[in-house]
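Working notes, beginning with the structure itself.
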Amino acid sequence: MTIPSSKSLDTSYTKDSHINTLINKVLNDHKISYNEASYLLSTDDISALAKGANTITRRFNGEEVDMESLVNAKSGTCPEDCSFCAQSSFYNTGISKYPLLPTEKLIEHARNAKNGGSTSFCLVCAYRSPPEKDFEQICDAILKIKKSIDIDVNVSLGFMTLERAKKLKSLGVKRYNHNLETAKSFFSQICTTHDYEDRIHTGKIVKEAGLELCCGGIIGMGESAEQRLELAFSLADLNPDEVPINILISREGTPLMYNNPLSNEDIIKTIAVWRFIMPKSILKIAGGREKYFKDKGRYALQAGANGIISGGYLTTGGNTHNKDLEMIKEIGLKV
């Protein structure tokens with residue numbers, strides 16, 4: 001795929017009149033239907049689809065890319081059986097396992113994120129829900145980070161109560177991550193230790209507490225293209241502020257270790273169509289971008305995405321901050 005310049009996409013329209021109609025529909029603040037999204041996903045003109053998604057992104061989100069860094073603050077021994085997850089206690093994946101990191105280490109990671117150029121820092125823990133002692137330590141770390149470092153703090157701690165969500169809000173947490181992971185119709189093939197509604201419930205609690213909601217999923221787990229659309233519309237119903245799009249990295253020891261990878265074309269089409277469905281959310285290309293995109297995500301950032309995770313993920317490495325900042329500058333965007 002040829003990567004066009006960001007500026008050239010801002011006002012370009014396509015030769016496909018139906019795609020043009022749907023671009024204008026979204027630009028005029030109207031929602032597209034499932035059938036219209038399905039039409040977009042079925043197009044063979046990926047360049048036209050990408051241009052349309054980029055036009056929408058620039059209109060509603062400007063030229064900025066949300067660059068976020070995260071820390072795996074507590075690794076492994078998660079009691080859930082999510083088939084994609086190297087941190088599940090159900091699977092022998094050979095990862096490093098450790099309890100909640102000391103507060104000083106969490107502050108150090110936040111400072112490194114800030115110094116690397118990230119605008120936000122996410123503290124992630126492999127819990128179903130944190131025990132009270134750990135939750136209090138996390139709150140203490142958040143308070144100290146907010147006092148000493150000028151960076152947005154986000155968290156991902158599993159299932160949440162309204163009381164705890166309000167506590168996080170009072171400490172200055174900006175955004176809470178809790179993904180739906182996949183379509184409701186496919187979820188039982190991915191996880192059996194909790195229900196889809198449990199995830200939706202936590203998303204609603206986050207919104208009720210006044211926190212911004214980060215809620216996305218993983219593509220390439222064996223779901224159909226239609227189920228990726230189903231997931232997008234379920235996400236849109238929650239009106240998330242940020243939507244991380246992870247691409248499955250098959251991990252040895254998990255049930256999905258032999259899954260066939262998605263093509264780059266399928267990934268780009270998914271990102272672009274999700275932009276039509278969720279025009280104002282931050283669409284963040286997260287886990288898997290370095291593996292699947294030889295350009296490390298340049299094209300995706302001009303095909304609907306406007307956010308990245310930089311510096312690595314929970315159990316895998318990633319692109320360095322400097323390389324990501326250089327990439328963003330090269331395509332005419334900014335952090």
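Each reported figure results from applying straightforward, stated rules to the coordinates on display, with no laboratory input. Every value quoted in this text rests on a predicted model; they were computed, and no experiment measured them. For neighbour counting, all protein chains shown are included, and Cβ atoms are generated from backbone atoms with ideal geometry for every residue, glycine included.
Below are the figures for this structure:
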read-out: Stretch gain in nm, segment SER17-GLU330, where the contour uses 0.36 nm per residue and the Cα spacing is subtracted; value: 109.6 nm
read-out: DSSP-defined beta bridges in region 192-335 - what % are antiparallel, rounded to 5; value: 0
read-out: Violating pairs (Cα-Cα greater than 24 angstrom) within the set LYS284/LYS334; LYS25/LYS204; LYS144/LYS166; value: LYS25/LYS204
read-out: Size of charge dipole - the chain - debye, nearest 20, with Cβ of Lys, Arg +1 and Asp, Glu -1, no other charges; value: 740
read-out: ³J(HN,Hα), Karplus 6.51/-1.76/1.60, whole Hz, each residue of region 86-94, x for Gly, Pro; value: 6, 9, 5, 6, 7, 10, 9, 10, x
read-out: Under 14 Å from LYS184, Cα to Cα: aspartates and glutamates that are on another chain or at least 8 residues apart; value: ASP195, GLU197, ASP198, GLU223, GLU226, GLU230, ASP237
read-out: DSSP beta bridges in the chain [antiparallel fraction, %, rounded to 5]; value: 5
read-out: Choice from LEU100, LEU301, LEU248 showing the highest fluctuation, given a GNM over the chain with Cα pairs closer than 10 Å; value: LEU100
